[in-house]
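The values are calculated or read from the model by the stated rules, or taken from the named source; none is laboratory data. Quick caveat: nothing in here was measured; it's all calculated off a predicted structure. Glycine also receives a Cβ, built like all others from the backbone with ideal geometry; neighbour counts cover every protein chain displayed. Ligands, DNA and RNA are stripped out before the accessible areas are found, and what is left, the full protein with its side chains, is counted by its heavy atoms. Shrake-Rupley method; radii C 1.70, N 1.55, O 1.52, S 1.80 Å.
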Amino acid sequence: MLMKTTVLALLLASATASAETTTSLSTGFDYSSGKYGGATSTEVLYIPVIGKIQYDKLFLKLTVPYIRVTGAGGVVRGMGMLKVPTSAKTSTQSGLGDVIASAGYSILETDNLLLDLVGNVKFGTADYNKNLGTGENDYSAQLDAYYQANKTTFFATAGYKVVGAPVGIEVNNIAYGTLGISQKTGDKTSAGLMFDAAQGSSVLSPGTRELTVFVANRISQTLKVQANLMKGFSDGSPDYGGGVMVTGYF
């Protein structure tokens, strides 16, 4: 599934393509905690730096994250539990997360409707031996839709991911999706909620089910900030989480 931080960052941008070149840089943090069906909790701190360039209907995006994981092992962010921990003893590991490159193109644009076709490559740069990722590449394609009605924006994502398998671990390719709504609450503020779901990535991890509420504030024409809270509803998701994202435009 596309990172929730990335989806939320997209909502901070205008839903209308422009013939001018727009460059943005986003950063913030995402914290989550959950047992994922196990006996001990796994805590994840995720700090991405997201650069994006958009010209007319085409955009290119690169995400470079730092990640810190505290737990007994076996849980990978975004995938849930991939292997059963051999001990209940917890430890903390940190380092470079998985770098993600994305490219998208607006295939349909009207006064109210925008459809983007997006491809993503997740490079396995996070250290599998430190439990920071799978160490393998993933490839995904998705369709993002935005429909604006007065002060309300409805949005949805439908995608499919080819998941890279670590040595000795059997994983599944997965379909995933998002449904959400964003409501303008003022000239510079908005609020909304989104529901994410995905198929299970392994026999130890059922499909993810997550509900997120968020608020956003456009501080200026070049700076926007957003905060979110998340609740998980399956053993494939964290029990709870939250984060803040700040985006600057140049």
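The modelled label-to-label distance between Phe233 and Tyr55, using points 7 Å beyond Cα along the C-beta direction, is 4.3 nm. Can you compute the label reach from Ala103? Point 7 Å from Cα along the Cβ direction, backbone N cut-off under 16 Å, restricted to the stretch 42-74. Inside the label zone: 52-63. On a per residue basis, the stretch 206-250 carries 48 Å² of accessible surface, using protein heavy atoms and a 1.4 Å probe.
Relative contact order of the stretch 187-250: 29 percent, from C-alpha pairs under 8 Å at least 6 residues apart in sequence.
Mean sequence separation of contacting Cα pairs (under 8 Å, at least six apart), scaled by the length of the chain, corresponds to a relative contact order of 18 percent. Residues whose amide H lies under 5 Å from that of Leu82, counting only those 5 or more places away or on a different chain, are Val75, Val76; hydrogens are built 1.01 Å from N in the peptide plane. Count Lys and Arg as plus one, Asp and Glu as minus one, and take only other residues whose Cβ is under 9 Å from that of Leu132; the net charge is then +1.
Computed from backbone phi, the HN-Hα couplings of the stretch 236-250 come to x, 10, x, 5, 7, x, x, x, 9, 10, 10, 10, x, 10, 10 Hz, rounded to whole numbers (Karplus: 6.51 cos²θ - 1.76 cosθ + 1.60, θ = phi - 60°; Gly and Pro given as x). Here the stretch 64-121 is treated as a sphere whose radius is the Kirkwood value from Cα pairs; by Stokes-Einstein at 37 °C and 0.692 mPa s it diffuses with a coefficient of 223 µm²/s.
Only Cα pairs under 8 Å and 6+ residues apart enter the sum, and on that basis the relative contact order of the stretch 109-250 stands at 13 percent.
Shown for the chain: the carbon plus sulfur share of the solvent-accessible area, taken with all protein chains present and a 1.4 angstrom probe, equals 59%.
Using only alpha-carbon positions in the chain, the gyration tensor eigenvalues give semi-axes of 31, 18, 17 Å once each is multiplied by 5 and square-rooted (largest first). Each other residue within a Cβ distance under 10 Å of Gly104 adds +1 if Lys or Arg and -1 if Asp or Glu, for a net charge of +1.
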